[in-house]
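Working notes, structure below.
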Amino acid sequence: MTATDPHPSPHPTPRPAPRPGSTRIGRETFFLPGPTEVRPAVLAAMTRPMIGHRSAAFRALFARLQDGLRTVFGTQRPVFIASSSATGLMEAAIRNAPAGPVLALVNGGFSERFARIAAACGRRVDRYDVPWGSVHDPAIVTTRIRDGGHTTVTVVHSETSTGVLTDVRAIADAAHAAGAVCCVDSVSGIRGAELRFDAWGLDFVLTGSQKALALPPGLAFAVASDAFVGRGASENRGVYFDLAEFATAAARDEAPNTPALPLYFALDVQLEAVLAEGLEQAWARHAAMAARTAAWVDELRREGIALAILAPAGHRSPTVTAVVLPPAVSAKAVVDAVAARGFTIGTGYGRLADTTIRIGHMGDHTVGGLADCLAACRSALIEVAKPG
Ligand SMILES: *Cc1c(COP(=O)(O)O)cnc(C)c1O
């Protein structure tokens, strides 16, 4: 880096050189709600030379990744790894779900995407809509399934568009009570919010690499119960996202097709740190970051900047907070002012794009790093929101 760098980075200061295998993230600046900041040691792993994906070296790598991923999902079952973004495995959920109509629980932009995917895959879809920022009533889920004969429910664990956390265990129980299976999108949940696949008796859970797992984008992970794979629709599963293909390959410690090897190498390095921290510790760290963000919103309100958290208390995601801005303050203006201070946060999503900002406190971020980002957000808001 020279003083005349023609491509100035949005990071205001160069990061300190990481120690090899360092679990420290360094200076934290990138608080988008996905992708999130990736540690230099994880990025560096992606430059390793290729290996054959049908080699013993690959199978050893795959088996090691399985060990770590099982812990992350709380399961003894194989964890399928797709070389796709998470939306690919949302489509896999639908393509492999039992034949019949789908009840889509919609409370934000990503749960809406799940409904749209189900319809695009040829399912009859009934929506159970609640306002963005709210959660669904499990008792109503059971009633709706009994009335509508749905075989499958779709639900989002951590709605990244609104910062709402859904009790997916209660929703899955409600689906099971009416004889349906439940497909859970936990893309911004897994590793940030508690989820225990086996203990909770879940059917299908998917996540992506670029959220709380703090990897680059491009991999997606899912676990399916035996019953889910066994009851799977026999037609229209396609090939690339056919869980039977994943299961057969995983039994050989292989991927069905050529996997995104550099991302596997990154995952290998990152899982070591994930396991070293421990899942319960990671959940607690994320809860502390969400609490810090909520306290910051309260502080700013006391200073006269009328912010509000969109999600009701008790239903807030530990990984992302959607903050409602005062009227006439534009999200883009705030995000730009924050960027001028060296930090990246998100605007709102979908219909909330200009009325909310989203702070992604996920992955390897720390309460201390987040506090620096929130200080920049405060300064930016004072500049943008104060009259005159
Ligand atoms: C990010 C996200 C997705 C989409 O993930 P891609 O990797 O972009 O396909 C889906 N659902 C939720 C809840 C997300 O946060």
Checklist entry - Taking segment 130-149, which residues are crowded, with 21+ Cβ neighbours inside 10 Å and over 16 Å from Gly314 (Cα atoms)? => result Val141, Arg144, Ile145
Item to check | Complete set of residues in segment 226-258 that are of a type in the set (Asp, Glu) and out of contact with any helix residue (DSSP H, G or I) (no Cβ under 6 Å at 6 or more places or on another chain) | outcome: Asp226, Glu235, Asp242, Glu245, Glu254
Checklist outcome for this item: Listed by first then second residue, the pairs whose first member lies in segment 206-223 and is closer than 10 Å to Thr36 by Cα and more than 7 Å from the ligand (Cβ to nearest atom), whose partner is in a strand (DSSP E or B) and aliphatic (A, V, I, L, M), with beta carbons under 8 Å and at least 6 positions apart or on separate chains, are Ser209/Ala220
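Checking the structure you have, find out if any residue of segment 288-298 is out of contact with any Pro (no Cβ under 6 Å at 6 or more places or on another chain), of a type in the set (S, T, N, Q), surrounded by 23 or more Cβ atoms within 10 Å (Cβ to Cβ) and modelled with pLDDT of 95 or more.
Pass one, segment 288-298, residues out of contact with any Pro (no Cβ under 6 Å at 6 or more places or on another chain): 288-289, 291-298.
Narrowing further to those that are of a type in the set (S, T, N, Q): 293.
Those left that are additionally surrounded by 23 or more Cβ atoms within 10 Å (Cβ to Cβ): 293.
Now drop any that are not modelled with pLDDT of 95 or more, which leaves 293.
There is at least one residue in segment 288-298 that is out of contact with any Pro (no Cβ under 6 Å at 6 or more places or on another chain), of a type in the set (S, T, N, Q), surrounded by 23 or more Cβ atoms within 10 Å (Cβ to Cβ) and modelled with pLDDT of 95 or more.
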Checklist entry - Gly100 fails exactly one of the following numbered conditions: (1) surrounded by fewer than 18 Cβ atoms within 10 Å (Cβ to Cβ); (2) touching a helix residue (DSSP H, G or I) at 6+ places or on another chain (Cβ under 8 Å); (3) in a loop (DSSP other than H, G, I, E, B). What is the number of that condition? => result (2)
Next on the checklist: Being in contact with a Gly (Cβ under 9 Å, 6 or more places away or on another chain), of a type outside the set (Val, Ile, Thr), buried (at least 20 other Cβ atoms within 10 Å of the Cβ) and not in a strand (DSSP E or B): is that true of Leu275 here?
Outcome noted: no
Item to check | Flag for Gly122 being away from the ligand (no atom under 16 Å from the Cβ) and either assigned to a loop (DSSP other than H, G, I, E, B) or under 23 Å from Arg191 (Cα atoms) (or both) | outcome: yes
Next on the checklist: Take the conditions at pLDDT 95 or above, crowded, with 18+ Cβ neighbours inside 10 Å and farther than 27 Å from Ala214 by Cβ and apply them to Leu310. Does it pass?
Outcome noted: no
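Just to check your reading of the model, which residue among Thr71, Thr142, Thr87 is part of a helix (DSSP H, G or I), more than 16 Å from the ligand (Cβ to nearest atom), at pLDDT 95 or above and within 21 Å of the chain's Cα centre (by Cα)?
Values: Thr142 fails: within 21 Å of the chain's Cα centre (by Cα); Thr87 fails: more than 16 Å from the ligand (Cβ to nearest atom).
That would be Thr71, the only listed residue that is part of a helix (DSSP H, G or I), more than 16 Å from the ligand (Cβ to nearest atom), at pLDDT 95 or above and within 21 Å of the chain's Cα centre (by Cα).
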Checklist entry - Could we say that Ser161 is among the small types (Gly, Ala, Ser), within 16 Å of the ligand (Cβ to nearest atom), farther than 21 Å from Arg231 by Cα and in contact with an Asp or Glu (Cβ under 8 Å, 6 or more places away or on another chain) here? => result no
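Among the residues of segment 43-75, count how many are loosely packed, with under 14 Cβ neighbours inside 10 Å, over 27 Å from Ala282 (Cα atoms) and not hydroxyl-bearing (Ser, Thr, Tyr). Working first, answer last.
Going through segment 43-75, the residues loosely packed, with under 14 Cβ neighbours inside 10 Å turn out to be 47, 49-50, 52, 54-57, 60, 63, 67.
Narrowing further to those that are over 27 Å from Ala282 (Cα atoms): 47, 49-50, 52, 54-57.
Among the residues that remain, those that are also not hydroxyl-bearing (Ser, Thr, Tyr) are: 49-50, 52, 54, 56-57.
Residues in segment 43-75 being loosely packed, with under 14 Cβ neighbours inside 10 Å, over 27 Å from Ala282 (Cα atoms) and not hydroxyl-bearing (Ser, Thr, Tyr): 6 in total.
To keep it simple, each residue is scored yes or no on (1) within 16 Å of the ligand (Cβ to nearest atom); (2) crowded, with 20+ Cβ neighbours inside 10 Å; (3) among the charged types (D, E, K, R); (4) in a loop (DSSP other than H, G, I, E, B).
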| residue | (1), (2), (3), (4) |
| --- | --- |
| Ile171 | yes, yes, no, no |
| Ala174 | no, yes, no, no |
| Gly179 | no, no, no, yes |
| Cys183 | yes, yes, no, no |
| Arg237 | no, no, yes, yes |
| Ala244 | no, no, no, no |
| Ala247 | no, no, no, no |
| Thr258 | no, no, no, yes |
Checklist entry - Is there any pair linking a residue in segment 351-365 that is of a type in the set (Asp, Glu) to one that is assigned to a loop (DSSP other than H, G, I, E, B), with Cβ under 7 Å and at least six apart or on different chains, and which? => result Asp354/Ser330; Asp354/Gly348; Asp364/Ile25; Asp364/Glu37; Asp364/Arg39; Asp364/Ala214
Checklist entry - Which residue pairs have Cβ atoms closer than 7 Å, lie 6 or more positions apart in sequence or on different chains, and pair a first residue in segment 236-248 that is within 16 Å of Val223 (Cβ to Cβ) with a second residue that is assigned to a loop (DSSP other than H, G, I, E, B)? => result Leu243/Gly232; Glu245/Val239; Glu245/Pro256; Phe246/Pro256; Ala247/Pro78
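How many residues does segment 353-381 hold that are part of a loop (DSSP other than H, G, I, E, B) and hydrophobic (A, V, I, L, M, F, W, C)?
Quick first cut of segment 353-381, residues part of a loop (DSSP other than H, G, I, E, B) only: 353-355, 361-366.
Still in the running and hydrophobic (A, V, I, L, M, F, W, C): 353, 362.
Qualifying residue count for the region: 2.
The values are calculated or read from the model by the stated rules, or taken from the named source; none is laboratory data. Please read all numbers here as calculations on a predicted model, not as lab measurements. Here the Cβ is made from the backbone with ideal geometry for all residues, glycine too, and neighbour counts use every protein chain on show.
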